[in-house]
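Data block below; observations after.
The values are calculated or read from the model by the stated rules, or taken from the named source; none is laboratory data. The structure displayed is predicted, hence computed values, not measured ones. Heads up, the Cβs are rebuilt from the backbone with ideal geometry, glycines too, and the neighbour counts pull from every protein chain shown. The accessibility values were calculated without ligands, DNA or RNA, using every heavy atom of the protein model including side chains. Shrake-Rupley method; radii C 1.70, N 1.55, O 1.52, S 1.80 Å.
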Amino acid sequence: MNSTDSRIRQLIVTPIAFSDPPLLNSSGVHEPLALRCVLQLVLEDGTVGLGEIPGGDDRLERLLAAGKVIVGMDVFDTTAVAAAIDATLLPTVPGSHERGWITSAVEVACLDAQGRLTGRPVSDLLGGRVRDSVPFAAYLFYKWAEHPALDGRPAIGDGWGEALDPAGIVEQARVMRQRYGFDSFKLKGGVFPPDEEIAAMKALAEAFPGSPLRLDPNTAWTVETSRYVARELVDVVEYLEDPTPTLAGMAEVAETSPMPLATNMCVIAWEHLRPAVEQNAIQVLLTDHHYWGGLRRTRELAAVCEAFGIGLSMHSNSHLGISLAAMTHVAATLPNLDHSCDTHYPWNSDDDVIVPGPLELRDGAVKVPTGPGLGVELDHDALERLHRRYLDSGLRGRDDTGYMRRFHPEYALRLPRW
Ligand SMILES: O=C([O-])[C@@H](O)[C@@H](O)[C@H](O)[C@@H](O)C(=O)[O-]
Ligand SMILES: [Mg+2]
């Protein structure tokens, strides 16, 4: 291969908006549109690598800055590419977590391009698969039946219906299992008083005996409440996720918790790992390549978890297919991934598929694409449509709390709430 072929010519970043149902969480409710940025990394020979991360003005601006400094670099030299981006962002973005989003997005696009150049799937470039399909959990949410009418906009339904009590959650889980074959279930909690959510988990355990269950209230509980919930859910959940804020709070809960504690909130950057281990604050880490710096960094993180006996799961926000492909490739290469991964993918509308083709949730798992790179192709018409939606929406960031207040002006964000 001629090495000049693999030089980066341009990074095209496209902000997009896609439909999201009214899913409830500890800070409010999802807005009708979620934002992402799609990356197209164009090489001198015309090869294009894809990437995707959550959107918002700050990230968009940082991606554009990153795009400028990597022009002319070799797409195989991801160490230098990440270092150049990191150095550019460091003066204005001091937190390694925030820089991780940007270096990750570009690394994924580089790996996709490398795969296309070499004819190898990204999982091969990461060292090879230990599994051919990656298990995912059904991600259950309390939700409204529809986005209520607002400012002249009519109500927006979604076909999932309402889920505001244990029966609604069990029904949602049944539909998730029927459509996608999920075996594990995660409930996004922190929405209703803890006893109601305990009842929902017990109802799930009764409806799906033997299925691994998790509850994630996104730090809605005090240490004392977390300990109470943990006692109530002994032998019901495989882990409790982020019951309470801060590492110190988690460590206090962990002292008496009969089940492991998991996080994607208090350990989100490399500098959090040492104190987490020292305080035995977490027993499972939900990794997320989008903010841990990329797919290779995720493998390094998995090795750290292995060294310290920390279990491994995977976090998800609302996302589209490029992210699902990247999550699937890296998850396929992690020997110590011992829990099924989270994904919001089933909540997406069929109109928002930007990479039609091989990605399919079946039997609760996604088969690892075997084509070159991520193994997915961008539908440019769909991308253009979602970009238009972004432009027309005027939405420039995520605000679950503000959106909740449009309907319940008295709503206040309180973490912990109970
Ligand atoms: O989308 C949501 O409402 C979730 O709460 C998301 O924001 C979290 O990042 C995530 O799913 C989690 O596991 O904490
Ligand atoms: Mg979580």
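Things worth noting here:
- Computed over the range 200-259, the P(r) tail beyond 18 angstrom holds 29 percent of alpha carbon pairs.
- Estimated [θ] at 222 nm from DSSP helical runs (n ≥ 4, -39500 (n - 2.57)) normalised by residues in the chain, nearest 500: -11500 deg cm²/dmol
- Remark on the range 1-148: hydrodynamic radius 17.1 angstrom, per the Kirkwood mean of 1/r across alpha carbon pairs.
- Positive dipole terminus of the range 125-367, leading residue within A145, N317, T222 (C-beta point charges): N317
- Taken about its Cα centre, the range 372-412 carries a charge dipole of roughly 240 debye when the Cβ of each Lys and Arg holds +1 and the Cβ of each Asp and Glu holds -1.
- Farthest positive-ward along the chain dipole, Cα basis, beta-carbon charges - from G67, H408, V236: G67
- Each residue of the range 95-108 was assigned a 3J(HN,Hα) from its phi angle through the Karplus expression (A = 6.51, B = -1.76, C = 1.60, θ = phi - 60°), giving x, 5, 4, 5, 5, x, 4, 6, 4, 5, 4, 6, 4, 4 Hz with x at Gly and Pro.
- For the chain, the per residue solvent-accessible surface stands at 39 Å², with DNA, RNA and ligands left out and a 1.4 Å probe.
- Cleavage-rule hits, GluC sites (Glu not before Pro), the range 308-410, DSSP coil, Cβ neighbours within 10 Å at most 16: E360, E377, E410
- Part-to-part distance (alpha-carbon centres) for the range 101-137 and the range 367-406, which is given in Å: 20
- Loop-located trypsin sites (Lys or Arg not before Pro) in the range 152-218 (DSSP state other than H, G, I, E, B) with a sparse environment of at most 12 neighbouring Cβ atoms within 10 Å are absent.
- Hydrodynamic radius of the range 239-375 per Kirkwood, over alpha carbon pairs, in Å: 15.8
- Over all pairs of different C-alpha atoms, the range 112-224 has a mean inverse distance whose reciprocal, the Kirkwood radius, equals 16.8 Å.
- Degrees separating the helix 78-89 axis from the principal Cα axis of the chain, which is the longest one: 70
- Separation of the W270 and V130 label points, Cα + 7 Å toward Cβ, nm: 2.2
- Potential lengthening of the chain between A167 and Q10 amounts to 51.4 nm, from the contour at 0.36 nm per residue minus the alpha-carbon distance.
- Annotation: amide H-H contacts under 5 Å for D45 (H modelled 1.01 Å from N, sequence separation of 5 or more, or interchain): R7.
- Taking the Cα centre of the range 178-313 as origin and assigning +1 to Lys and Arg Cβ atoms and -1 to Asp and Glu Cβ atoms, the resulting dipole is close to 440 debye.
- Euclidean distance of C-alpha centroids, the range 337-363 and the range 166-227, integer Å: 20
- Dipole in debye (nearest 20) - the chain, about Cα centre, beta carbon charges: Lys, Arg +1; Asp, Glu -1: 400
- Between 0 and 90°, nearest 10: helix 223-232 axis offset from the chain longest Cα axis: 70
- The range 325-337 - phi-based ³J(HN,Hα) in whole Hz, Karplus 6.51/-1.76/1.60, Gly and Pro as x: 5, 5, 4, 5, 4, 5, 4, 5, 9, 9, x, 9, 6
- Each principal axis of the chain carries a Cα extent, and these read 63, 55, 43 Å when sorted largest first.
- Prolate/oblate/rounded label for the range 125-367 (Cα gyration tensor, a/c 1.5): oblate
- Counting only protein heavy atoms and a probe of 1.4 Å, the accessible surface of the chain is 50% carbon and sulfur.
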